[in-house]
Amino acid sequence: MTKKTGKNRNKYTTNKDLADMALTLHESSDYITRTMLRANVNSYLRDRLARLTQRLTKEAVGLGNDLEVPNEEAFVTYESTKIIAKQMGLI
């Protein structure tokens, strides 16, 4: 019987694809945060947008576990993700 890992990961996803997804998630989170700070939004909407940005960032950080060599700290911040993306030739 095969060993179940509990994680449905596409084994054909490359590190470059994962870095691109993490960069997109961080860019989206950063854009929402900057726009939210410039716009005059009520507190309810601001709280929902803050939770959305936290969820996007958490998803980007979680992609570090799906790398060929799992690294939880690979995509922790937007800046570190940009550096990794630049090393992989995405930027």
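Observations on the model:
- In summary, GLY62 fulfils each of the numbered conditions (1) surrounded by fewer than 15 Cβ atoms within 10 Å (Cβ to Cβ); (2) in a loop (DSSP other than H, G, I, E, B); (3) small (Gly, Ala, Ser) with the single exception of condition (2).
- Residue within segment 42-54 that is loosely packed, with under 11 Cβ neighbours inside 10 Å and closer than 13 Å to LEU18 by Cβ present: no
Each reported figure results from applying straightforward, stated rules to the coordinates on display, with no laboratory input. Predicted model only: the values in this text are computed from it and were never measured. All Cβ positions, even for glycine, are placed from backbone atoms using ideal geometry, and neighbour counts span all protein chains on display.
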